[in-house]
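Worksheet for the structure shown next.
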Amino acid sequence: MRRYLTLVCLLCLAIPAGISISGCSRDPGANYCNGLGYGLKITDVAAIDLEPRTTGISLAFGQTRLVSSPKATTCKGTVATVPVYQYGTTNRQLVDISPTGNICAGSWNRNSGGGIADYTICSIPNPIPSSGGLPYSTAYVTATGAAVTSNPVEVHVHAQVTSITLVGPAECLSQGQLSQLDAQACYLSSVNPSNQAKPTLLCAPSTVTSAAHPNLACPLPYVNTNGNLVQIAASAIPNCTAAIGTLVYGVSDSIVASINAETNQITAEQPGTTAITASVAQSGSSAGYFSTCPPRSISVTLADGTTTGSVNHSVTQNLTTNITDTSGNTITGLSLDYQSTDPIDISVSSGAVTTSYPGVASITAICEPPGCNPAPINEVGLNGTGLSISSNAVNLTYTGTNTDFVWYAAPGTSQYVVPVELLTGTVGSTERLPFVPNSMQMDKLGTNIYFGSQRELMIYSTASNSVTKEDTTVPGVVLAVSPTNSEALVNDQLLGRFYVYSPQSGIVDTFAGLGNAASWTPDSNTLYITDSAALNNLPANVAAGITGHTDTLYVYDVSTGWTTYPLPCSAGPATAANRCTSPWSTSNGAQNLAITTPSVGAYLSGDPTVAHTWCPSGTVGDYGSMIFYPQGDAVFTDAHDTIPLQTDVLTATTDGAHILGASLLSNQVTLSDIGVTIPVGACTLTTTGTAPNQVQTLEPLKLSHTLAQAQLSKVNGAAVSELNQIVSSPNSKVAFFTYSADPSNSNAVLPYYLPGSGGALGTVGYVPLHGASAITAPLAGAFTPDNSLFFVSTAGDNQIHYISVPQAISPATPLVDTQQISPNLPACKPPSAGGVDAGCTYTGISTIVPATAIVVKPRVTT
């Protein structure tokens, strides 16, 4: 029994021990980093990271900066806690650091007394450091906590940097290419022969110091050797990273380039030039410029590779665009402005062509600043940036006919406008305007008609056939409306001021001057305005006291603002004061202008007939020498360039091949067919010298032309008093001439011209006009967008004549006056004649006046 009890006791004692052995484990090494049960525990501080460990810190003498918070970690990489850090420095006279981690480029005050707290005054290093005779040196700071010391952080201490200059790349980089940014820096030093503080080189890359001294941004420093001032050798100048620390670069236009902040590599993005800033030691400056290579050529074709074709209704036609930069590499993603000469019928957006109505359009793609290839205004032309580039033209036709709305008015002689709907053929009710208009312009989209007056601007909606807005802040003559209907140009001729006016937001910009004609480029970015001193002699202007007209070209550009150019150009070289070269001393100014297709410039009527283009001239970087819209062509009537061509009216054909003009001399009307060749591609840039002393020079765009002339024999001697218009058809196949004549004239005809090709003279013809009474002159005209009709108003019978225009027009095809309507515009009566119509210039006795302004808009058919 005793033995049994002993066995039970032994089992009771053994079972718990067995359970403990089989169910639990004991591993003291798991709490230690080495897993062996001794040494650093996994919860202890294993490392302290102090940043910036790779770039270091840059401070000028006497500057302070709080060190970044140290980060403690365990051996497992988890965050560890350090209650208090102690900071240390390898050179307290050069770099001091407070208990809270505030770094001083020099020495902190301690035990100053007088109530001045410790670590509040940072004194410059004493003595001033000198490395090879230059005021810079380095020390290291660390952070210690839990018996662990951080990595050392290098602190660069140096004289205050006064300027930083970018070193390269001097040439542009193609899209996607990279370059390493580097710079040289200057400081003020009085150690020089003059003993005055002057900019002195502190650091520069070896690519600069190994070259000729003109590459340096500032003079080499001097050292005092045994009482003699000796200039330091360029090869002894350190690079900036070693001397003052890592520079921080910034780009002002991220569309042009991007910078990798860790490597300071710059990547070319989209064409253009951007300013590069550089900063070090809590100060920065503009360091230089970087260019992404601009387009050299822009090629636009249809899908089948052709540049001429037809489009169908409601079927999108996608254009193919290929762009090559000045280094021969392909550019993608470029922001191009696609332009249509007939946006209401054939529109284009982002390379996709859509149609609304039958018509003809020339499509071009334009790279134009600031949306494409931008550059700072003072660096326009740098490496070819800041300049416009045009593509070839793609000519499209949407065949068919459509009906239209037409509006007739007689600015100055009637206070009414008459709408006509061609579908019914009936003349609508006359709409009375608030004031007698002095001008009438419609935007190319057919949204609004703008009527000017000396009282207010009146905006007339084509949708509601009513005035929808009156604005008394912009009185004057409406000279032009932008194709996108975003802006209108109003000229207050009493005050002598231009107003660029937005129908949504009001006055956008103003400029002093007078004008008589204006036109926007199809992209609405550039506006040309002409003026003529001869207008001061008009009786109406003399009576109104308007005598400030001058022979001047005004250009308003969204990038460069307003610029003015004298017409004609005075003799001498092309300079900023004498903006273009001309051998003539007399002129009648310019009273008309025509925008080329594509819109690289504008031809101006007058004596002489000249063109101004978008390629500027001058020295890149020298803003005072830049001429932004210089003369690009002058037309002479002889082979020796001695007899200038006079024109009174001009128009451009949409195919870009002709500028058509006419002049009136001694009652003789002369037609001039100027066959133009519009250069396609980049502006001419000449580079001389080597970097960084390169000089880049821009030259004006030179337009070449031919000239063919003919007399309008059936108009000569017909008492013509003024040429009013040349109106070219949308398909460039025919142009009509309108004019004013003495009331004694009778049986007036409508001249037209079929342009030739290859510089040859085309065919002149005449349309007999039919009316119930004698017709003295065809006054004004407009085409339907589908080319099928030409509307012309006539004096004598006060009617509108419908001229039928065949699609397959030829010299053998007669043009016929097929229909006549009477808009019956009531004549106004000026106060001087006992009337109440302010602004009325009518001096006749008739109650009906002929239309002198016509606008056409396609009608939606269902």
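Taking first residues from region 106-132 that are closer than 30 Å to PRO221 by Cα and partners that are of a type in the set (Asp, Glu), the Cβ contacts under 6 Å between residues at least 6 apart in sequence or on separate chains come to SER107/ASP96; TRP108/ASP96. Residues that are surrounded by 20 or more Cβ atoms within 10 Å (Cβ to Cβ) and over 22 Å from ILE595 (Cα atoms) within region 339-369 comprise VAL353, THR355, TYR357, PRO358, listed in sequence order.
Where residues in region 773-805 are part of a loop (DSSP other than H, G, I, E, B) and over 41 Å from the mean Cα position of the chain (by Cα), which of them is modelled with the lowest pLDDT?
Among residues in region 773-805 that are part of a loop (DSSP other than H, G, I, E, B) and over 41 Å from the mean Cα position of the chain (by Cα), the one modelled with the lowest pLDDT is SER773.
SER137 passes every criterion in (1) in the same structural domain as ILE103 (by TED's automatic domain parsing); (2) surrounded by fewer than 14 Cβ atoms within 10 Å (Cβ to Cβ); (3) part of a strand (DSSP E or B) apart from (2).
State yes or no: is TYR766 part of a strand (DSSP E or B), more than 43 Å from the chain's Cα centre (by Cα) and within 19 Å of ALA662 (Cα to Cα)?
It is true that TYR766 is part of a strand (DSSP E or B), more than 43 Å from the chain's Cα centre (by Cα) and within 19 Å of ALA662 (Cα to Cα).
Yes/no matrix, rows are residues, columns are (1) crowded, with 20+ Cβ neighbours inside 10 Å; (2) aromatic (Phe, Trp, Tyr); (3) not in a loop (DSSP other than H, G, I, E, B):
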residue	(1), (2), (3)
VAL418	yes, no, yes
THR424	no, no, no
VAL467	no, no, yes
THR473	no, no, no
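From ILE266, ILE298, ILE259, ILE276, which residue is assigned to a strand (DSSP E or B) and within 30 Å of THR355 (Cβ to Cβ)?
Answer to the check: ILE298.
Taken over region 426-449, the criterion of being among the hydroxyl-bearing types (Ser, Thr, Tyr) and either more than 12 Å from SER461 (Cα to Cα) or part of a strand (DSSP E or B) (or both) is satisfied by THR426, SER429, THR430, SER439.
For every residue, the table says whether it meets (1) surrounded by 23 or more Cβ atoms within 10 Å (Cβ to Cβ); (2) closer than 30 Å to PRO376 by Cβ.
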{"site": "PHE636", "(1), (2)": "no, no"}
{"site": "ALA662", "(1), (2)": "yes, no"}
{"site": "THR670", "(1), (2)": "no, no"}
{"site": "VAL680", "(1), (2)": "no, yes"}
{"site": "THR687", "(1), (2)": "no, yes"}
{"site": "GLN696", "(1), (2)": "no, yes"}
{"site": "LYS702", "(1), (2)": "no, yes"}
{"site": "ALA710", "(1), (2)": "no, no"}
{"site": "ASN716", "(1), (2)": "no, no"}
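Across region 498-534, which residue is surrounded by the most Cβ atoms within 10 Å (Cβ to Cβ) among those that are without any contact (Cβ under 8 Å) to a residue 40 or more places away in the chain and not hydroxyl-bearing (Ser, Thr, Tyr)? Lay out the reasoning, then the answer.
Going through region 498-534, the residues without any contact (Cβ under 8 Å) to a residue 40 or more places away in the chain turn out to be 499, 502, 504-508, 510, 512, 514-515.
Filter once more, keeping what is not hydroxyl-bearing (Ser, Thr, Tyr): 504, 506-508, 512, 514-515.
Details: GLN504: 9, GLY506: 11, ILE507: 13, VAL508: 14, ALA512: 12, LEU514: 28, GLY515: 24.
Within region 498-534, the match that is surrounded by the most Cβ atoms within 10 Å (Cβ to Cβ) is LEU514.
Among the residues of region 213-236, the one identified as over 22 Å from ILE164 (Cβ atoms) and surrounded by 15 or more Cβ atoms within 10 Å (Cβ to Cβ) is VAL223. Filtering region 817-847 to residues that are more than 15 Å from VAL406 (Cβ to Cβ) and surrounded by 15 or more Cβ atoms within 10 Å (Cβ to Cβ) leaves ASP817, PRO826, ALA827, CYS828, LYS829, PRO830, ASP837, GLY839, CYS840, THR841, TYR842.
For (1) on the phi > 0 side of the Ramachandran plot; (2) part of a strand (DSSP E or B); (3) at pLDDT 90 or above, each residue gets a yes or a no:
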{"position": "LEU671", "(1), (2), (3)": "no, yes, yes"}
{"position": "PRO692", "(1), (2), (3)": "no, no, no"}
{"position": "SER713", "(1), (2), (3)": "no, no, yes"}
{"position": "GLN725", "(1), (2), (3)": "no, yes, yes"}
{"position": "ASN747", "(1), (2), (3)": "yes, no, no"}
{"position": "ALA760", "(1), (2), (3)": "no, no, yes"}
{"position": "GLY771", "(1), (2), (3)": "no, no, no"}
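Selection over region 237-256 of residues that are part of a loop (DSSP other than H, G, I, E, B) and surrounded by 14 or more Cβ atoms within 10 Å (Cβ to Cβ) gives a count of 11. The set of residues from region 54-80 being of a type in the set (D, E, K, R) and either outside any loop (DSSP other than H, G, I, E, B) or under 26 Å from THR162 (Cα atoms) (or both) comprises ARG65, LYS71.
The values are calculated or read from the model by the stated rules, or taken from the named source; none is laboratory data. This one's a predicted model, so the numbers in the text were calculated from it and none came from an experiment. Counting neighbours? That spans all protein chains shown, and the Cβs are built from the backbone with ideal geometry, glycine included.
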